Amino acid sequence: MCCRYWTDESPEIREIVEEMNRSPLIGRWQKTSAVKTFGEILPSDVTAVIAPDRRGERAVFPMRWGFREKTLLINARSETAAVKPLFKDAWAHQRCAVPASWYFEWEHLTDGAGRRKTGAKYLIQAEGRDMTWLAGLYRIENGLPVFVILTRGASKEIRFIHDRMPLVLPAELVGEWIRPDARPEELLKNALPPMSCERLGRGA
């Protein structure tokens, strides 16, 4: 799962945010939504996302987190996105990359009676890297771009926290991932760098 992530004011993310702020879409989003630049990013926030422009070149767009259906959908399973009617077109041609410093996850525990409960909160990021690139899909709603974050089975380093995690891209794969003519199934073979985590305690 992925329901919250964080963007630090690092030089790399600051450069991305500055490019987003030059987008003509900013003014349209600001009529209805607050645009988040740094800090904790939540579902329905508008924030910076990497995707191809009309010429197929890498660009930064302000996008809202979540596809609006009967409910707000914020994640899509990478194992089934290629065949799910809601996601298959985006999987084939409209992939994006979400710049983050890290994401948050809460321990999912089961007590002695078999009841599920929430445990400690963890900060999780790509090991030894300043950026944690989250793979996503995007589409257009009412003339504006929106995105979901892809998920996969958790890596061995963090499986004790939760059995799902975002699909994380090495920085060197971001440009290939967003290419409309790329084959995402092939890229998945190299899509997960080693991960590290830090316990933060309980809390929202």
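Couple of notes before you dig in:
- Criterion violated by residue 155 - all others in (1) over 17 Å from residue 77 (Cβ atoms); (2) at pLDDT below 95; (3) touching a strand residue (DSSP E or B) at 6+ places or on another chain (Cβ under 6 Å) satisfied: (1)
- Looking only at region 38-85, and only at residues there that are of a type in the set (Phe, Trp, Tyr) and within 15 Å of residue 138 (Cβ to Cβ), the one that is surrounded by the fewest Cβ atoms within 10 Å (Cβ to Cβ): 67
- Boolean, residue 110 is more than 15 Å from the chain's Cα centre (by Cα), farther than 21 Å from residue 170 by Cα, polar (S, T, N, Q) and at pLDDT 95 or above: no
To keep it simple, each residue is scored yes or no on (1) of a type outside the set (Val, Ile, Thr); (2) out of contact with any Lys or Arg (no Cβ under 9 Å at 6 or more places or on another chain).
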{"position": "59", "(1), (2)": "yes, yes"}
{"position": "78", "(1), (2)": "yes, no"}
{"position": "82", "(1), (2)": "yes, no"}
{"position": "107", "(1), (2)": "yes, no"}
{"position": "110", "(1), (2)": "no, no"}
{"position": "116", "(1), (2)": "yes, yes"}
{"position": "126", "(1), (2)": "yes, yes"}
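- Every pair of residues 6+ apart whose Cβ atoms lie under 9 Å, when the first sits in region 187-204 and is exposed (fewer than 11 other Cβ atoms within 10 Å of the Cβ) while the second is modelled with pLDDT of 85 or more and among the polar types (S, T, N, Q): 198/125
- Residues located in region 42-71, provided they are more than 15 Å from the chain's Cα centre (by Cα) and not in a loop (DSSP other than H, G, I, E, B): 52, 58, 59, 68
- When the residues of region 141-174 are filtered to those that are within 17 Å of residue 106 (Cβ to Cβ) and β-branched (Val, Ile, Thr), the one that is surrounded by the most Cβ atoms within 10 Å (Cβ to Cβ) is 149.
- Within region 37-62, residues that are within 18 Å of residue 175 (Cα to Cα) reach partners that are surrounded by fewer than 13 Cβ atoms within 10 Å (Cβ to Cβ) with beta carbons closer than 7 Å, at six or more positions or on different chains, in the pairs 52/180; 56/180; 59/53.
The values are calculated or read from the model by the stated rules, or taken from the named source; none is laboratory data. What you see is a predicted model; the values in this text were computed from it and never measured. All Cβ positions, even for glycine, are placed from backbone atoms using ideal geometry, and neighbour counts span all protein chains on display.
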